[in-house]
Each structure stands twice: as C-alpha cells, then as structure tokens.
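For reference, the structure is listed below as structure tokens.
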Amino acid sequence: MTTSDRRSSRLDPQAAHLERGAPAIARDFQANLYTRMAKFEAIATRNDHYLALAYTVRDRMLQRWIHSAHTYFEKSSRTVAYLSAEFLIGPQLGKNLLYLGLEADTRTAMQQLGIDLDALIEHEEEPGLGNGGLGRLAACYMDSLATLCIPAIGYGIRYEFGIFDQYIRDGWQYEVTDKWLRLGNPWEIVRHEIEYTVQLGGHTEASHDADGRYRVRWRPERVVQGIAHDTLFLGHGVHNANMLRLWQASASQALDLQAFNEGDYARAVQEKVSSENLTKVLYPNDHSEAGKRLRLEQQYLFVSCSLQDMIRIHLQRATDLRDFHTKYAIQLNDTHPALAVVELLRLLLDEHGFEWDEAWAITTRSFGYTNHTLLPEALETWSMPLFRSVLPRHLELVFEINRRFLDQVRLRFPGDDGRVERMSLVDEHGDKRVRMANLACVGSHAINGVAALHSRLLEASVLRDFHALWPSKFSNKTNGVTPRRFVALSNPVLSNLITEAVGDGWLHDMGKLRGLEALRHDRAFMERWHEAKQASKQSLARYLKARHGEDVSADSMFDVQVKRIHEYKRQHLNVLGVIARYRRLKSGREAPKVARTVIFAGKAAPGYTMAKLMIKLIHSVAEVVNHDPDTRDALRVVFVPDFNVKTAQHIYPAANLSQQISLAGMEASGTGNMKFMMNGALTLGTLDGANVEIREEAGEENFFLFGLNESEVTARRRAGQAPRRIYEANPELRDVLDLLSSGVFSRGDRELFAPLVHHLFEHDTYMLLADFAAYMEAQGRVDAAFADRARWSEMSILNVARSGKFSSDRAIREYCDDIWHAGPVPAQLHIPDGPV
Ligand code: F58
C-alpha cells in the first residue's frame with residue numbers, strides 16, 4: 001500500500017452520520033436540535049428546525065468537499081480562482097437537498113416528525129451578497145465549475161449587511177438593512193486559523209539590499225486581518241464540491257492595550273470597530289461618492305487575502321512561486337478585484353524577492369478580465385490622492401507598470417500622443433485618477449465581454465485602443481445560467497415533464513433539450529406543457545395572494561419584467577405601454593383579445609431618484625388600472641417587492657412573456673432573459689445583449705423583436721434627437737403622456753411625474769419615444785400569438801428546446817478551453833446506496 005493509498009483509505013466515509021435514508025436523517029436532525037440548538041422539540045422554533053436540518057445536510061456535504069480537496073491536492077491540478085466582490089448565491093437548503101439526491105428522504109423524515117419541509121425551505125433568508133446580474137453570474141459559474149469537476153475557489157467578501165431589503169409604502173421604495181446573519185448561518189465554516197494580515201496607508205521606504213538590489217518597504221499606518229469563511233458548492237450529478245471563501249475583516253489586536261491601560265476605553269475599542277467596518281456593508285450600485293475609501297479598502301482586503309491564500313496553498317506543494325501561473329487561473333469579475341494585479345506583483349517583488357520581469361510575467365499569465373458594462377459612468381476609477389493614502393506602495397507600482405506599458409505603446413504607435421493619453425493607467429485630467437479597466441487590461445492575458453454584441457462593442461468603443469494593441473487577448477464569452485437552480489429546483493413540474501420526454505441527461509447536457517422539438521406538434525404533449533405552465537402560474541398567484549394580498553388570475557397572460565430598476569432597462573417604456581393598453585380598453589375601441597397581468601419587480605439604488613420615481617409610477621398606474629371596473633378583468637399591474645433569488649424562483653417559472661426591452665447597446669448581456677427562456681417564456685425584446693443570441697437560437701419567428709438596433713441608436717444620437725416631434729406625430733403617444741401629466745395616476749398631483757415626462761420631452765436619453773410605436777406594434781403581435789393557444793405552446797416548447805446554449809456549463813467550458821486551460825478532476829467517492 002502506498003502512502004497515498006493509505007491516506008485515501010482513511011478518508012473513506014464510514015461514519016454513521018453520513019448515512020442516507022429517512023431514519024438516519026430524522027435521527028441526526030433530532031441530535032442536532034439537541035446538541036447544536038440546545039433545544040427540545042416542545043420549545044423548538046421554526047428557525048431551530050431550519051438550522052438543525054441545515055446542519056444535518058451540511059454534514060452530508062462535507063465528505064464530498066474533503067474528498068475533492070484531497071483529489072485536487074494529490075493531482076496537483078490547476079485551480080480556477082474566481083475573484084468577485086459579489087456572489088449572489090441564493091438560498092441553500094433546497095438546492096443542497098436536490099444536489100445530494102436527499103429531497104424525498106428528507107421530506108419523509110420531516111413528515112414523520114410533523115414538520116413541513118417546504119416551510120423550512122421558505123424560511124431561509126438568502127445571503128444577499130450582490131447587487132444583481134454580475135453577482136448572480138458568479139454564483140452560476142460556481143455551480144458549473146463544481147458540476148464540471150473543475151477545481152475552483154470563489155473568493156469574495158463576507159458582507160455583514162448585504163443588498164438592502166426593499167419594502168414599499170404608498171408606492172415608494174424604502175430600504176431596510178439586510179440582517180441576513182441575524183439568525184445564524186449554518187452553511188459557512190469559519191476558519192479561524194486561515195487569517196491574513198492586510199496593510200493600509202502609511203508610506204514606503206526605498207533602500208538597497210546586501211546584493212545591491214533596489215528594495216522597497218511599505219510602512220503601513222494600520223493593519224487589519226481577514227478571516228476565511230467557507231461555503232460549500234456541490235456539483236450536480238458528480239462527487240465534486242468546491243468552496244466559496246469569503247473574507248471578513250477583523251481587528252489585528254482586539255484592544256489597543258496602551259489606551260486600555262490608560263483608562264481610555266472608547267479609544268481602546270475604536271480601532272477594533274473601524275477595522276471591522278471594512279466588510280460591514282455591500283455598496284449598492286449608485287456610483288455615489290460616499291464611502292469611496294471604505295470601498296477601496298474592501299476591495300484591497302479581499303484581493304490581498306485571496307492572493308496570500310493562493311500562495312500559501314501553492315507553497316504546500318511547491319518550493320517556490322515560479323510556476324504559480326501554471327497552478328492558478330485567476331479571473332477578475334469586472335474591475336472590482338483588479339487591484340489583484342498590483343498586489344500579486346507586490347507580493348512577488350517585495351515579499352518573495354522576485355525581479356520585475358519575472359514577477360510581471362507570472363502576474364500577466366495568471367489573470368483574465370471579464371468586462372460587464374459599456375456605460376462610461378460605470379467604469380471604475382479612483383482618485384489618485386485617495387489611492388495614495390490607502391495604498392502608497394501600489395501607487396508606485398501602478399506608475400512603474402504604466403511607464404513600461406506606455407513605452408510599448410509609443411514604440412508601436414509613434415507620435416500618437418492621444419492614444420498614449422487614452423491608454424494610460426492614469427487619467428491626467430482634473431484630480432488625476434487611476435483607471436481600473438486599463439489596469440485590468442494591461443495586467444491580464446485575456447479580456448472578454450459577456451455577449452457577442454457586447455464583446456464586439458467593447459472592441460469598437462470602450463477598449464478600442466487595447467484591442468488595436470493586443471487583438472489576440474480579446475474574446476467573447478456569452479453568459480450562461482445554471483439550469484439546475486433555475487429549472488430543476490424552481491420549476492419541478494416543467495422539469496419532470498422534460499425528463500419524461502427526453503430523459504434526465506438534459507440537466508448536464510442541455511443540447512438534449514433539442515429532443516423536445518419533435519414533440520412540438522404533439523397535441524397531448526402540448527396540452528401537458530400548457531398545464532405545467534398553468535400550475536406554475538397558479539402557484540405564483542397563491543404566493544402573491546398569501547404574501548401581498550394581490551389577486552391575479554392564472555388565466556391571464558403573465559407578462560413579466562424583473563430586474564434592477566434603471567432608466568436604460570426602460571421599465572418606463574413598459575409602463576407607457578400599460579397606459580396605452582388601459583386607454584384602448586377604456587375607450588372601448590378595442591375588445592380585449594387577451595387578459596394580461598403585468599408583473600414588475602426590482603430594486604432601485606437608494607440614491608437613484610429617477611429609478612425610485614419609476615417604482616412609484618408603476619404603483620400609481622397599478623392603483624388606477626386595478627381598481628377600474630371597466631378594465632380590471634383585462635389588465636392588472638403587480639409590483640412584487642424585494643426581488644432577490646428567492647422571489648425570482650417563484651416568478652420565472654410562471655412567466656408567459658419576458659420583457660427584455662433595454663435600449664440597444666446598453667445591456668451587456670442580461671441573464672434573466674435566459675432564465676425566462678429555459679422556463680418556456682417567449683421574449684419581447686430589442687436587439688441588445690444576449691437577446692440577439694436568444695433570437696438566433698430560438699428562431700426569429702419565436703421571438704418578438706422591436707425597436708432600434710445599436711447602429712440606429714448611435715446614428716440617432718449623433719444626429720440629435722427630437723423627442724417632441726415624435727410626441728406630436730403619434731396621437732396615441734401624445735394621449736399617453738398627456739394622461740400621465742394630467743395627474744390621473746397621481747391623485748391630481750401634476751408635479752409628481754413631471755421630472756420623468758420632462759426628461760422624455762427634453763432629452764429622452766434612452767429613446768423611449770423613438771421606440772414606442774414599434775413596441776406597441778410588437779405587443780399586438782404578442783396578443784395575437786397568445787390568443788392562439790396551440791401556436792403559443794409550440795413557440796414555448798421551441799424556446800426551451802433551443803435554450804441549451806445559455807447553460808452556464810457551456811460558458812464555463814469556453815472559459816476553461818480558451819482562457820483558463822483548466823480541465824476536469826473528478827473526485828471519487830463511494831456513497832452507500834446513493835445515486836451520487
Ligand atoms: C451586469 N452588471 C450587466 N453590475 O448589467 C448585465 O447585462 C450582465 O448580464 C451581468 O452583469 C452579468 O454579466 C452588473 O450586474 C453590477 O451590479 C455592478 C456591481 C458593482 C457596482 C456597480 C454595478
């Protein structure tokens with residue numbers, strides 16, 4: 001027996017607590033209630049039950065993780081390190097039960113104990129550690145990495161307060177602190193011994209060492225610690241499990257002893273409090289100046305701890321760091337972790353004694369950079385004085401990277417000062433700023449956008465100069481989403497029907513969904529397809545009634561737009577469409593072909609006045625439309641509060657129509673659009689982001705297209721818009737805007753929506769008026785198609801059948817092949833009588 005055989009055999013899962021089957025689950029649940037919650041049944045709360053069950057499940061996940069880590073260690077495989085300031089992982093209990101194949105046994109066990117499993121699943125408060133699409137994408141990618149058996153670690157920040165909870169009063173959004181940790185987090189494992197020191201502020205001192213080499217010492221003003229908190233990510237249908245490692249800040253010394261001894265207790269705890277502030281709160285995406293320093297410190301804390309961790313793990317197997325880049329592929333999820341480029345360079349130079357050229361080569365070979373936005377205001381920059389005061393050593397390194405890089409640019413494009421100025425890592429205008437996207441491009445060997453159109457536009461606009469210099473660094477990686485969470489878990493009825501039709505392979509090979517195409521004219525199958533959708537709609541209707549007192553009919557078309565509220569996403573175009581429909585119904589000119597329930601959900605950034613006004617507008621229109629006896633059977637408007645992963649899982653399965661109506665060229669990709677498609681909704685959309693590819697895949701006859709395309713948008717912007725002329729030329733639009741201004745929707749208040757209407761008349765930056773007529777015409781096509789039930793079912797089946805491209809497995813395979821050069825390392829695990 002070799003050493004490694006001996007070690008593997010020690011890892012075999014023999015312990016009784018790993019048993020599957022309802023009796024073992026019930027036994028361990030009761031033991032956990034007693035030993036972990038310190039409760040007995042008669043006084044246990046729902047939260048106690050939830051926690052006891054979560055621990056029971058987590059124990060059953062651990063062996064997969066330990067075996068995976070062991071396999072990766074033995075094989076010395078390349079690890080993907082996915083660096084993201086946000087991971088919107090969603091609730092864990094239901095998902096982990098599904099992935100362990102333990103749902104049925106757990107249901108039985110809970111039933112025997114008189115406990116409702118669904119109530120426990122619904123009880124879980126999700127970790128809201130992200131703003132929206134970008135954070136959720138990171139979570140979908142963690143799911144696919146584990147499912148594809150790719151060794152991977154997600155690195156991020158353990159915010160104590162995640163994205164705010166939204167509640168609505170009198171139609172306005174209010175924000176409430178998200179206290180997701182209040183009742184405990186059973187899914188994480190705190191690694192008190194995995195802790196790194198992070199330096200902040202101060203100054204640097206240069207000197208020459210004994211060998212005459214130039215060396216710099218950073219004398220920080222403060223140090224804080226980052227402590228690892230791990231969450232397991234199971235693969236589906238495999239034995240692998242990876243981890244998400246989130247950093248929480250803590251004080252380096254619990255108390256300032258000198259101050260304490262002098263009796264100054266307030267000062268003694270001050271440092272502790274201010275250090276721990278670093279990971280207190282997730283910043284909402286409102287681009288405000290407030291809290292900039294803290295945000296920079298957050299970013300630095302997390303990338304520094306992550307890199308120190310990677311280096312520690314690497315040095316467990318290797319003697320030095322020269323082949324670091326062959327063991328890690330580090331992906332920057334947007335520029336929020338881009339400081340990692342400078343930090344790795346610093347660690348190699350200052351802490352590990354490397355010379356510049358080798359350190360820089362290791363750095364650039366390690367990193368890839370994904371861009372998620374074309375909006376110029378969303379490109380991250382840091383003012384130089386702030387950067388210097390937090391990271392003085394890093395600023396020196398940025399200058400040196402820049403000096404060497406700009407020499408390269410000058411050599412390649414002699415005399416082109418404009419280009420040098422645009423590509424510089426430092427924006428020399430005004431107070432001078434460090435440009436993080438430029439830093440990410442210079443420090444990475446691969447750069448990608450997140451949909452074909454977005455990648456093309458990146459190369460032609462925001463990153464044009466970098467593309468001209470290094471065309472081969474660029475590629476497209478169209479986003480994807482996990483069908484496990486967004487179909488299997490959220491929509492079991494549809495999922496079972498699909499499995500009956502094409503077998504269960506589709507959850508790992510979405511290409512198998514193509515098998516549904518053959519059934520698109522099969523009457524019996526079409527009927528069952530329709531019934532599956534009806535079941536999801538009824539379930540959403542019950543949820544809306546129970547939670548929010550809303551009455552909606554599952555016989556109406558569920559027409560849905562759920563996403564962050566932003567002007568470029570044009571929720572207000574949707575509202576103008578609702579008002580137009582309301583007017584048509586009211587005037588009696590048009591008999592309603594199809595009753596509609598228009599469903600909105602989404603959070604507005606707390607400082608984004610116009611977005612908040614849009615939420616108020618939706619509620620105001622709903623109040624009138626829903627109470628009007630002339631129209632209430634044909635048109636309803638519902639706003640579902642507090643959109644997050646959990647509420648999303650109730651909504652996607654129930655949608656008939658998915659509105660993806662951003663102004664062309666503005667939405668990098670969108671991922672909600674993909675989740676709707678997989679759940680059999682048809683898309684009403686512009687040629688923006690991944691909509692373009694959704695339409696290509698679904699077939700243009702199965703997609704409701706409208707609106708200007710990106711080049712028309714650009715041309716119109718150049719020519720200068722004349723929104724008022726469009727208003728005057730279109731009588732329906734005129735009536736809609738006049739009605740909005742009249743105060744009908746605001747209890748007579750003509751001022752309330754004036755900022756919105758005024759912006760449309762004077763600027764209309766997002767070209768609502770230009771697209772309005774086309775939007776209404778497309779909505780007419782939607783009505784006609786929905787009125788023909790067989791036709792709609794066929795289109796819906798085809799959308800699901802052709803949604804395979806949008807699996808995150810496809811996206812992760814592309815990243816693995818083209819950027820990370822990482823391959824599968826399946827973990828072997830014998831689990832007694834379990835499927836996987
Ligand atoms: C989103 N970005 C894109 N950013 O808008 C969306 O088109 C794309 O599908 C998605 O990324 C995934 O690629 C996004 O969600 C943020 O939330 C930022 C977080 C940090 C502050 C600024 C906004």
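The values are calculated or read from the model by the stated rules, or taken from the named source; none is laboratory data. Predicted, not measured: the structure shown is a model, and the values here were computed from it. All Cβ positions, even for glycine, are placed from backbone atoms using ideal geometry, and neighbour counts span all protein chains on display. The protein model used for the area step is the full one, side chains on, heavy atoms only, and it has no ligands, DNA or RNA in it. Shrake-Rupley method; radii C 1.70, N 1.55, O 1.52, S 1.80 Å.
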Next item on the list: Quick one: grab the alpha carbon gyration tensor of the chain, order the square roots of its eigenvalues as a ≥ b ≥ c, and give me rounded if a/c is under 1.5, else prolate or oblate depending on whether a/b is larger than b/c.
Entry: oblate
Item checked: Kirkwood hydrodynamic radius over Cα pairs of the range 681-824, then Stokes diffusion coefficient at 25 °C and 0.890 mPa s, in µm²/s -> 133 µm²/s
Check: So between SER424 and VAL493, what do we pick up on full extension, going 0.36 nm a residue minus the alpha carbon distance?
Finding: 19.4 nm
Notebook entry, point to check: What list of ³J(HN,Hα) values in whole Hz, one per residue of the range 485-495 in order, does the Karplus curve 6.51 cos²θ - 1.76 cosθ + 1.60 (θ = phi - 60°) give from phi, with Gly and Pro shown as x?
Noted result: 6, 8, 10, 4, 7, 7, 10, x, 5, 5, 4
Item checked: Cα gyration tensor, the range 325-436 - rounded (a/c under 1.5), prolate or oblate -> rounded
Item checked: Heavy-atom accessible area per residue - the range 483-522, 1.4 Å, Å² -> 41 Å²
Notebook entry, point to check: Accessible area of LYS805, 1.4 Å probe, to the nearest 10 Å²?
Noted result: 60 Å²
Notebook entry, point to check: If contacts are Cα pairs under 8 angstrom and at least 6 residues apart, what is the relative contact order of the chain in percent?
Noted result: 14 percent
Item checked: Of all DSSP beta bridges in the range 367-514, antiparallel share, percent nearest 5 -> 45 percent
Next item on the list: Answer rounded, prolate or oblate for the range 606-695, using the Cα gyration tensor with square roots of eigenvalues a ≥ b ≥ c: rounded when a/c is under 1.5, else prolate when a/b is larger than b/c, else oblate.
Entry: prolate
Note to self: For the full complex of protein chains and a 1.4 angstrom probe, list ILE121, ILE812 by accessible area with the highest value first.
What the structure shows: ILE121, ILE812
Margin query: Please give the Cα centre distance for the range 495-544 versus the range 761-799, rounded to the nearest Å.
Written below: 24 Å
Check: Taking every DSSP beta bridge that has both residues in the chain, what percent is antiparallel when rounded to the nearest 5?
Finding: 45 percent
Notebook entry, point to check: So, in nm, how far is label ARG182 from label SER711 when the simple model puts each one 7 Å beyond its Cα toward the Cβ?
Noted result: 5.4 nm
Next item on the list: Leaving ligands, DNA and RNA out of it, work out the accessible area of THR609 with a 1.4 Å probe and give it in Å² to the nearest 10.
Entry: 110 Å²
Check: How about the range 171-248: which trypsin sites (Lys or Arg not before Pro) there are in a DSSP loop, with at most 15 other Cβ atoms within 10 Å of their Cβ?
Finding: LYS179, ARG182, ARG213
Next item on the list: Whole Å is fine, so just give me how far the alpha carbon centre of the range 219-243 lies from that of the range 394-437.
Entry: 34 Å
Item checked: Exposure rank, largest accessible area first [ASP431, ASP642; 1.4 Å] -> ASP431, ASP642
Notebook entry, point to check: So what J values fall out for the range 219-224 if you push phi through Karplus, 6.51 cos²θ - 1.76 cosθ + 1.60 with θ = phi - 60°, rounded to Hz, Gly and Pro as x?
Noted result: 9, x, 7, 9, 10, 10
Checklist line | Contact order relative to length of the range 397-445, as percent, for alpha carbon pairs under 8 angstrom and 6 or more apart | finding: 28 percent
Checklist line | Whole-number accessible area per residue in Å² for the range 124-220, which is evaluated in the context of all protein chains at 1.4 Å | finding: 40 Å²
Next item on the list: Over the chain, with every protein chain in place, what whole percent of the accessible area is carbon and sulfur at 1.4 Å, could you tell me?
Entry: 51 percent
Item checked: Rounded accessible area of LYS292 (nearest 10 Å², 1.4 Å probe) -> 50 Å²
Checklist line | Estimated 222 nm signal from helices in the chain, with DSSP H stretches of n ≥ 4 weighted -39500 (n - 2.57), rounded to 500 | finding: -14500 deg cm²/dmol
Notebook entry, point to check: Could you give the accessible area per residue of the range 532-661, probe 1.4 Å, as a whole number in Å²?
Noted result: 31 Å²
Checklist line | Ranked order, TYR568, TYR214 - accessible area, probe 1.4 Å, largest first | finding: TYR214, TYR568
Check: What's the center-to-center distance, using Cα atoms, between the range 63-111 and the range 716-730 in Å?
Finding: 53 Å
Note to self: Past 24 Å, Cα to Cα: identify those pairs from LYS292/LYS616; LYS545/LYS805; LYS537/LYS805; LYS473/LYS569; LYS95/LYS533, in the order given.
What the structure shows: LYS292/LYS616; LYS545/LYS805; LYS537/LYS805; LYS473/LYS569
Item checked: Net charge of Cβ neighbours under 10 Å - reference GLN571; Lys, Arg +1; Asp, Glu -1 -> +3
Notebook entry, point to check: Expressed as a rounded percentage, what relative contact order does the range 696-836 have, with Cα pairs under 8 Å and six or more residues apart?
Noted result: 31 percent
